Amino acid sequence: MELTRQINDYRLTTAEILYHLPDHPAVLQTYIWQDLDLAPRFPALQRFLAFWSLNLDGRLHSVRVGVAKLITPGGWGHAEILTLQ
């Protein structure tokens, strides 16, 4: 299942969600959400934010999103050899 989603261009999506505390609206709290999702529409994140808006008391302030591809070309580099004395 996870490999299939990775092959279908799902990306590791991290969202930093700032929201107002219900009892103290002037105070912001941070929540970090992370899942595999499809950029640029982010349907899983959109569902989560819709759930939040309908079911949780903390009003959303802002959402910052970062994505990273899971399957990338391999890379190589020279390693430094350490000698022990």
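Do you know which residues across segment 25-67 are part of a helix (DSSP H, G or I), among the hydrophobic types (A, V, I, L, M, F, W, C) and either out of contact with any strand residue (DSSP E or B) (no Cβ under 8 Å at 6 or more places or on another chain) or within 19 Å of Arg5 (Cα to Cα) (or both)? Steps first, answer last, please.
Filtering segment 25-67 for residues part of a helix (DSSP H, G or I) gives 43-55.
So of that shortlist, the ones also among the hydrophobic types (A, V, I, L, M, F, W, C) come out as 44-45, 48-52, 54.
Scanning segment 25-67 gives Ala44, Leu45, Phe48, Ala50, Phe51, Leu54.
Go through segment 25-44 and give me each residue that's modelled with pLDDT of 95 or more, loosely packed, with under 13 Cβ neighbours inside 10 Å and within 16 Å of the chain's Cα centre (by Cα).
Result: Thr30, Ile32, Gln34, Pro43.
Give just the number: which of (1) at pLDDT below 95; (2) surrounded by 13 or more Cβ atoms within 10 Å (Cβ to Cβ) does Ala68 not satisfy?
Ala68 satisfies every listed condition except (2).
Is it the case that Pro22 is under 15 Å from Asp57 (Cβ atoms), part of a loop (DSSP other than H, G, I, E, B) and over 11 Å from the mean Cα position of the chain (by Cα)?
Numbers: under 15 Å from Asp57 (Cβ atoms): yes; part of a loop (DSSP other than H, G, I, E, B): yes; over 11 Å from the mean Cα position of the chain (by Cα): yes.
Spelling it out, Pro22 is indeed under 15 Å from Asp57 (Cβ atoms), part of a loop (DSSP other than H, G, I, E, B) and over 11 Å from the mean Cα position of the chain (by Cα).
Go through segment 1-52 and give me each residue that's basic (Lys, Arg) and over 19 Å from Arg64 (Cα atoms). Outline the logic, then answer.
Step one: list which residues in segment 1-52 are basic (Lys, Arg), which gives 5, 11, 41, 47.
Hit for segment 1-52 is Arg5, nothing else.
The values are calculated or read from the model by the stated rules, or taken from the named source; none is laboratory data. All figures in this text were calculated on a predicted structure; none of them were measured in a lab. When we count neighbours, we look across all protein chains shown, and the Cβ atoms used for this are built from the backbone with ideal geometry, even at glycine.
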